Amino acid sequence: MSDTPAAKAASGDFLSNLGKVYGLYTGGFAGFVLVLALLEQMGVPNQIIGYLFVFLTIGVYALIGYLSRTAQVSEYYVAGRKVPALYNGMATGSDWMSAASFIGMAGTLYLLGYDGLAFVLGWTGGYVLVAILLAPYLRKFGAYTVPDFLGARYGGNLARLCGVIVLMSASFTYVVAQIFGTGIIASRFLGISFEVAVFVGLAGILVCSMLGGMRAVTWTQVAQYIILIIAYLLPVVLLSAKVTGVPVPQLMYGQALEQIEILRTTKEALAGAPSHITPFTTYDPLNFFGLIFCLMIGTASLPHILMRYFTTPSVRDARQSVAWSLFFIFLLYFTAPAYAAFAKLEVFTNVIGSPIASLPDWVRIWSNIGLVRVTDMNGDGILQFREFVINADAIVLATPEIAGLPYVIAGLVAAGGLAAALSTADGLLLAIANALSHDIYYRMIDPNANAKRRLTMARILLVIVAIVAAWVASTRPAGILAMVAWAFSIAASGLFPALVMGVWWKRTTTAGAVAGMVAGYSVCLFYLIGTQYMGMPLWFGVRNISCGLFGIPAAFLVTYVVSLMTPAPSAAMQDFIDSIRTPRGGVRLVAGEKALD
Amino acid sequence: MPLVEDVKESRGGGGPAIDKATGDAYWSKTSSLMWTMLVIWLVAGFGIHFFASSLNAIKILGFPLGFYMAAQGSLIIFVVMLFWFAKRQNSIDEEFGVEEE
């Protein structure tokens, strides 16, 4: 395995030839799509094309996972800290963008118009906080997991345990949503039942992550990013070329926005359609900005994202890597509003106001699957705005048909959605399993466990967590998209103040940090559970997807006050903080703390 | 087996890489860069969007400006500021001689 000199040389070759390897891979994928397009022209049925897309891409991910298998602890937890900034950026991009971003985002923008942009802003701006407040310092410390940092900075297992609890709550909620998304795509394109599809998706996730841990997940995520971004951009580029004559949707949808507004105000059948560009029609300003705030702070607190920056070779690379991550994420997020605008223009022009008997084909195809609903309420045979209901998930999936593209493009979109869901699930499962194996088992239960035993434990826990998550997902818990937003608020309230103040305010004490984590986490959960299940009235009208709006300030305040009430951290601790603030030199752990190994 | 290179890297018995005065000056410059970034973040992430309705009166290529800022403008600012930040922080590191070897 990776310990032998030959394998080491091979791994060195791989790292110095990344551009070539992934260039060939991208070319190979393009060739694969072309071959499938040819097969389609030759009359191969759509079902087969769907199967080929799903199984061949999962097969490639599994192969990468198998080739990256490892028996070394540092390779398993942090990919040997050898991932170049650019590739770590791509891996973070696919780690970050889930089924919700890939499939759901454009649809949300279609339905909410301007107010949906809270998600676009919230899910990008958080990276500024990651770069300036946390990533370089966590990288310097050289942790394996986020709770590792809490354990070292706040001298002990109590802070570590609090960190693990928050991490588990946030990541588990999130991973259930991903497996759910994988199940939906697999069932739609493979024609198997949802419950079976969930476990098929699970198998795909496990082969990528189990043998090689972080190393395997990293190189698979880069491969998944390439597929997901091609799959996202291609249909809307072709659609923009068809509608406007220019294949740059991000620039051209301004025209679509103009026409939408003209149609909305002049076309009789569109009566009652809300404006696409007017702010604060669904969310009031407090909820709009509150949601942005929670999503941004949550971004900077989610352990599966922060841990990606532990894998870069240096502090300098960690900073550079955050910039690349945001760039790769930006490519998808600034395209999503174009999807929404073009889809809306098509619906406003060719669907609403048309005779129900002669609607475009794509409307019929998607109403068969239940994602589009047409009801002639006033019985005049003409489709009115209120008589047409489209599910948010249908926008991206239906664009190939709206643009009149061949089925192979629809298969490509499915492969992209699957890549997005699988890559995020991989990262999340790894974050959970690492916290359990490293922080709970090794640091708290059996500090004498040897490397082999720890890796075995990590793999067993990964499988157990994955199966439990798949089981929860197969029960179809209600409100899964809201659960994703909750995960952000929970992570933000529980972790952000302890992490940031740990680096930026030397006076933060153990008691302060622990009290702050407990306070933030409790306030957030209290508001969430109270308003969601106990019928508690909203405070100031803040929706519970922004429950971090109460949790985050509470955590900061409690950390601050309790820290001032307790004796300042020791000189050795202050020295430790100095050492993680400076890129050069070693990390000077407080005496009695064990170095990482 | 010790696998984390950072621990081995520590030089001079784990003593500080630089003297205290330089360290403090380095940190104050790093902090002010952080605050600068934080202010730009606040303006791009929140500030300008308070004026979305008024900005929407201005149209460029069909885009109402308020909508454009939330859909693209602020995102471009975020990306550019992060590349700039990485560069700026590197040169601060070098100025004080604390960059990694």
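The values are calculated or read from the model by the stated rules, or taken from the named source; none is laboratory data. Note that the coordinates shown come from a computational prediction; the quantities given were computed from them, not determined experimentally. Virtual Cβ from ideal backbone geometry, glycine too; neighbours counted across all protein chains shown.
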> Going through region A:521-580 one residue at a time, which ones are more than 28 Å from A:P136 (Cα to Cα) and among the aliphatic types (A, V, I, L, M)?
Replying inline: A:V523, A:L525, A:L528, A:I529, A:M534, A:M536, A:L538, A:V542, A:I545, A:M565
> In region A:224-250, what count of residues is obtained for those that are of a type in the set (G, A, S) and touching a residue at least 12 places away in the same chain (Cβ under 8 Å)?
Replying inline: 2
> Restricting attention to region A:267-292, which residues are aliphatic (A, V, I, L, M) and within 13 Å of chain B (Cβ to nearest Cβ)?
Replying inline: A:I277, A:L286, A:L291, A:I292
> Looking at region B:38-80, which of its residues are of a type in the set (S, T, N, Q) and in contact with a strand residue (DSSP E or B) (Cβ under 9 Å, 6 or more places away or on another chain)?
Replying inline: B:N56, B:Q72
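In region A:444-456, which residues are more than 11 Å from A:M210 (Cα to Cα) and either in contact with a helix residue (DSSP H, G or I) (Cβ under 6 Å, 6 or more places away or on another chain) or within 14 Å of chain B (Cβ to nearest Cβ) (or both)? Steps first, answer last, please.
Here is the first cut: in region A:444-456, the ones more than 11 Å from A:M210 (Cα to Cα) are A:444-454.
Matches in region A:444-456: A:M444, A:N448, A:A449, A:N450, A:A451, A:K452, A:R453, A:R454.
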> In region A:552-595, how many residues are within 11 Å of another protein chain (Cβ to nearest Cβ), in a helix (DSSP H, G or I) and under 34 Å from the mean Cα position of the chain (by Cα)?
Replying inline: 6
>> Cβ-Cβ under 6 Å, sequence separation 6+ or interchain: first residue in region A:413-432 and among the small types (G, A, S), partner surrounded by 24 or more Cβ atoms within 10 Å (Cβ to Cβ) and outside any helix (DSSP H, G or I). Which pairs?
In response: A:A420/A:M97; A:A420/A:S98
>> Criterion first (on the phi < 0 side of the Ramachandran plot, touching a residue at least 12 places away in the same chain (Cβ under 8 Å), away from chain B (no Cβ under 14 Å) and surrounded by fewer than 19 Cβ atoms within 10 Å (Cβ to Cβ)) does A:L359 satisfy it?
In response: yes
>> For region B:27-69: of the residues being assigned to a helix (DSSP H, G or I), in contact with an Asp or Glu (Cβ under 9 Å, 6 or more places away or on another chain) and more than 7 Å from chain A (Cβ to nearest Cβ), which is nearest to A:D284 (Cα to Cα)?
In response: B:T30
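Hey, could you check region A:72-87 for residues that are in a helix (DSSP H, G or I) and of a type outside the set (G, A, S) and say which is surrounded by the fewest Cβ atoms within 10 Å (Cβ to Cβ)?
A:L86
Which ones in region A:227-285 are at positive phi and under 28 Å from the mean Cα position of the chain (by Cα)? Step through it out loud before you land on a result.
Start the filter on region A:227-285 by keeping residues that are at positive phi, which leaves A:245, A:272, A:280.
The answer is A:F280, and nothing else.
Which one of A:M517, A:M565, A:M534 is out of contact with any Asp or Glu (no Cβ under 6 Å at 6 or more places or on another chain) and buried (at least 22 other Cβ atoms within 10 Å of the Cβ)? Give the derivation first.
Working: A:M565 fails: buried (at least 22 other Cβ atoms within 10 Å of the Cβ); A:M534 fails: buried (at least 22 other Cβ atoms within 10 Å of the Cβ).
So the residue among A:M517, A:M565, A:M534 that is out of contact with any Asp or Glu (no Cβ under 6 Å at 6 or more places or on another chain) and buried (at least 22 other Cβ atoms within 10 Å of the Cβ) is A:M517.
Whether any residue in region A:452-472 is outside any helix (DSSP H, G or I) and farther than 25 Å from A:F149 by Cβ is what I want to check.
Restricting attention to region A:452-472, the residues satisfying the condition of being outside any helix (DSSP H, G or I) are none.
No, the conditions are met nowhere in region A:452-472.
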> Which of the residues spanning region B:12-26 are facing chain A (nearest Cβ under 7 Å) and basic (K, R)?
Replying inline: none
> Given the structure, is A:S187 among the polar types (S, T, N, Q) and farther than 30 Å from A:T559 by Cβ?
Replying inline: yes
> Which condition number does A:L549 fail, the rest of (1) part of a helix (DSSP H, G or I); (2) surrounded by 15 or more Cβ atoms within 10 Å (Cβ to Cβ); (3) within 25 Å of the chain's Cα centre (by Cα); (4) more than 14 Å from chain B (Cβ to nearest Cβ) being met?
Replying inline: (4)
> Here is a list of conditions, (1) crowded, with 21+ Cβ neighbours inside 10 Å; (2) at pLDDT below 95, and A:L121 meets all of them except one; can you say which number that is?
Replying inline: (2)
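Within the bounds of region A:499-522, is there any residue that is in a helix (DSSP H, G or I) and in contact with a Pro (Cβ under 6 Å, 6 or more places away or on another chain)? Steps first, please.
Here is the first cut: in region A:499-522, the residues in a helix (DSSP H, G or I) are A:499-504, A:510-522.
Within this subset, residues satisfying the condition of being in contact with a Pro (Cβ under 6 Å, 6 or more places away or on another chain) are A:516.
Yes, region A:499-522 has at least one match.
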>> Name the single residue that is nearest to the other protein chains (Cβ to nearest Cβ) among those in region B:81-101 being surrounded by 18 or more Cβ atoms within 10 Å (Cβ to Cβ), farther than 13 Å from A:P583 by Cα and in contact with a Phe, Trp or Tyr (Cβ under 9 Å, 6 or more places away or on another chain).
In response: B:L82
